[in-house]
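Have a look at the structure below, then the notes.
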Amino acid sequence: MTLSPETIGAIVFLSPAVAVFAYWLYRTEFGKTALEGTRARRNLMPFYIPLAVFFLWWLILSLVYMVSAKWIEPDGWRAGLILNIALAVAALTAILVMVRVVRLYFARGLRGFGFRLRGAGRDFYIALLNLYGIWPVVLASILLTDYAARQIYGPDWQIEQHEQIQILLKHPHFILRVILFVVTVGIVPVFEEMLFRGLIQSKLRSYLGRPWAAVAVTSVAFAVVHGNISHWPALFVLSMCMGYSYERSGSLLRPIFIHAFFNGIMLTLAMFEGQAQAAALW
């Protein structure tokens, strides 16, 4: 059997990543000792606060988009622009609220929450290494989901693209692409990691006492909230990686970087794939 250049390139790229993940499994006894000695983030936050923050985000997003959409054609590039502006407004508002919540309820405020600029450079490259190490598992979960769904729904079934990728491919408008990248890579990871890792996972660890249990439950919630069932396995795996990195380091910057890297890579690959398809058609 002759392998295509794309397959050979993927094998060359992913082989070290498989080795990194295998070494982590060996060194931590399949994750058993990976989070030993890590400390919970002390807080007095009421359990309903994360739900209130999520509801506030959803309410602002819905209101901004519904009001703005009255003057925008539903299929035009401006509709995608309005959606991303609404996402930005809702996320930034929720971030400000969460900063206040953290200062009120977390011991040592933002530092105890994990916002520490000192060591950000180390968090940056370790986040990149963590994402690289988990990438084969994310890819495997996507391939297994695709295979299982094709067995159930038939060979024509395809994993639905994320809404942001659909907008990116449908409307190659420069301003829209810039704002979409800023929102998806710069704003959304901060909002989602503050909410899921910072608030939800921290509170769950206070209740459950076991870091891996808190990471797993948070990862289920993270995947489900994103809506598309076909994305759940990959999102769960990615979330487990981000939750682990938060518990292991105590720094919220690390899962934020992982999240931002992942979103940026997905958007960039989609954009270049769309351009390649357009060139082929031309």
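The values are calculated or read from the model by the stated rules, or taken from the named source; none is laboratory data. Predicted model only: the values in this text are computed from it and were never measured. Here the Cβ positions follow ideal geometry from the backbone for every residue, glycine too, while neighbour counts run over all protein chains shown.
Taken across the range 206-222, residues that are surrounded by fewer than 22 Cβ atoms within 10 Å (Cβ to Cβ), under 28 Å from G250 (Cβ atoms) and charged (D, E, K, R) do occur, with at least one present. A single entry from G80, G31 fulfils the requirement of being in contact (Cβ under 8 Å) with a residue 60 or more places away in the chain, assigned to a loop (DSSP other than H, G, I, E, B) and not acidic (D, E): G31. Which of (1) surrounded by 15 or more Cβ atoms within 10 Å (Cβ to Cβ); (2) more than 24 Å from the chain's Cα centre (by Cα) does V89 not meet, given it meets every other one? Unmet condition: (2).
Taking the range 126-143 as the search range and keeping residues that are in contact (Cβ under 8 Å) with a residue 60 or more places away in the chain and under 23 Å from I229 (Cβ atoms), which one is surrounded by the most Cβ atoms within 10 Å (Cβ to Cβ)?
Start the filter on the range 126-143 by keeping residues that are in contact (Cβ under 8 Å) with a residue 60 or more places away in the chain, which leaves 126-139, 141-142.
After this cut, where a residue has to be under 23 Å from I229 (Cβ atoms) as well, the list is 134-139, 141-142.
On the way: I134: 23, W135: 21, P136: 20, V137: 18, V138: 18, L139: 15, S141: 18, I142: 16.
The extreme case among them is I134.
Can you find a residue in the range 176-191 that is under 29 Å from V101 (Cβ atoms), modelled with pLDDT of 95 or more and in contact with a Pro (Cβ under 9 Å, 6 or more places away or on another chain)? Yes.
Taken over the range 147-167, the residue count meeting the criterion of being within 20 Å of W232 (Cβ to Cβ), in a helix (DSSP H, G or I) and either touching a Pro at 6+ places or on another chain (Cβ under 6 Å) or among the aliphatic types (A, V, I, L, M) (or both) is 4.
Close Cβ contacts (under 7 Å, 6 or more residues apart or on different chains) running from residues in the range 155-175 that are on the phi < 0 side of the Ramachandran plot to residues that are of a type in the set (S, T, N, Q) and in a loop (DSSP other than H, G, I, E, B) comprise E160/N228. Looking at this structure, is L51 more than 21 Å from I187 (Cα to Cα), without any contact (Cβ under 8 Å) to a residue 12 or more places away in the chain and surrounded by fewer than 16 Cβ atoms within 10 Å (Cβ to Cβ)? Answer is no for this residue.
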